[in-house]
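Structure record follows, encoded as structure tokens.
What follows draws every value from the coordinates through simple rules; no lab data is involved. Note that the structure is a prediction, hence the values are computed from the model and not measured. Neighbour counts are summed over all protein chains in view; Cβ atoms, including those assigned to glycine, are modelled from backbone coordinates with ideal geometry.
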Amino acid sequence: MHSHLSFDNPPALPHEVVVQMLERALLDRSAEAEAASVLVGTALNDDDAEFVEHWCVQIGTRAVPGSSLLGLVGLCLGHAARRFGRLSDEALALAEALAARAEADPTGVDGRTLDGCDDIRSFLQPCAQDQRRTRAGQNGRTP
């Protein structure tokens, strides 16, 4: 008999619950596994783009190096780019920084963030890097 593994995407939870669980994981790394499920459920199923992005940025800037949540943040920002068709400059810069860290040292940030950057490039037109170059050029700066 052949068995198939299945995976169900976690649901979006009420914002109060998400905030409580993510804040707890920032203070207690033993809560990261549960927080990971919450973050993925939020990125995939919460319709509040600002909330999704805010918490990805919070986790991505506040989690300690080596946290399993860091790579997941990049992946979740990719989901947000796909779902909402936009990300703030701050979120784009974070995704790129996490990807650079993952390439330099995958023990500090895991490779899932690279998949998220691929999604960002695929779903944001023009791609994130081109948007920043264009804005920089409009401001009289060179990238």
Inset, instruction - Could you run the Karplus curve 6.51 cos²θ - 1.76 cosθ + 1.60 with θ = phi - 60° over region 71-78 and give me ³J(HN,Hα) per residue in whole Hz, x for Gly and Pro? - result: x, 5, 4, x, 4, 5, 5, x
Legend entry - Cβ-derived FRET efficiency at R0 41 Å, residue 33 paired with residue 86, nearest 0.05: 0.85
Inset, instruction - Provide the net charge surrounding residue 123, with neighbours chosen by a C-beta distance below 13 Å and charges set as Lys +1, Arg +1, Asp -1, Glu -1. - result: +1
Legend entry - residue 9 versus residue 122: modelled label distance in nm, points set 7 Å from Cα along the beta carbon direction: 1.3 nm
Inset, instruction - Sum up the charges of everything whose Cβ sits under 12 Å from the Cβ of residue 45, counting Lys and Arg as +1 and Asp and Glu as -1, but leave residue 45 out. - result: -3
Inset, instruction - Provide the per-residue ³J(HN,Hα) series for region 89-99, in order, calculated from phi with Karplus coefficients 6.51, -1.76, 1.60 and θ = phi - 60°, each as a whole number of Hz, with x at glycine and proline positions. - result: 4, 4, 5, 4, 5, 4, 4, 5, 5, 5, 5
Legend entry - For region 21-37, 3J(HN,Hα) per residue [Karplus equation, 6.51 cos²θ - 1.76 cosθ + 1.60, θ = phi - 60°, Hz, x = Gly/Pro]: 6, 6, 4, 4, 5, 5, 9, 9, 4, 5, 9, 5, 4, 5, 5, 4, 4
